[in-house]
Each structure stands twice: as C-alpha cells, then as structure tokens.
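Below: one structure, written as structure tokens.
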C-alpha cells in the first residue's frame, strides 16, 4: 500500500509497521512494541485530520488520561517514542490528509 491521501490512519500505521519489518528489519519484539503503542494511542491519533494537527494534539491529553489510569510515565514515554517514529515517517512521506 502506498502512502496516499485516501488511506486511513490505521492503514498508514499498518504500512509503517510493514516497512519497518521488511525494509528496516526490525525484530518481532519491536513490531509488537509498535502495535502495543498504537493500541494505546490509536483513538487519539485517528481523531486528527492532518499530520500537523496530529503532532500537536495527540500526546498531552492521552498521556494525562493514561496517568489517571495508573500507567507509569516511563511506559507512556515508551509508547510516545513509537508514535513519534510513525509521525516522522508520515512527514517524510509527505502525507497531508487521510
């Protein structure tokens, strides 16, 4: 699947993980980390219509919600690192809207 303006965020994330697996050669554990991080942040990520809006609006509210649920700051940071990798990949690919 190409990165295109008609792809959903979930489809783009699937493509991101696939590229990481086949092009970067990430391990199955790293792939699992990406998927676990996506599960933690997907509801917030999918609520944004552009990459710029996504970068600005995802982390703070989601992190606050996780802290209230008792998730440790280290875990939140770990998830955020995976989502940041996805956001960098989106920006690099010039995806403007989904």
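Is there a residue being in a helix (DSSP H, G or I), modelled with pLDDT of 85 or more, within 12 Å of the chain's Cα centre (by Cα) and at negative phi anywhere in the range 57-68?
no
Would you point out the residue of the range 1-18, among those that are part of a loop (DSSP other than H, G, I, E, B) and out of contact with any strand residue (DSSP E or B) (no Cβ under 8 Å at 6 or more places or on another chain), that is modelled with the highest pLDDT?
Step by step, filter the range 1-18, then rank; the result is 8.
For the range 22-31, check the following and say yes or no: at least one residue is assigned to a helix (DSSP H, G or I), under 16 Å from residue 79 (Cα atoms), within 13 Å of the chain's Cα centre (by Cα) and at pLDDT 90 or above.
There is at least one residue in the range 22-31 that is assigned to a helix (DSSP H, G or I), under 16 Å from residue 79 (Cα atoms), within 13 Å of the chain's Cα centre (by Cα) and at pLDDT 90 or above.
The values are calculated or read from the model by the stated rules, or taken from the named source; none is laboratory data. Since this is a predicted model, take the numbers as computed values, not measurements. As a convention, Cβ positions derive from the backbone with ideal geometry for all residues, glycine included, and neighbour counts pool all protein chains shown.
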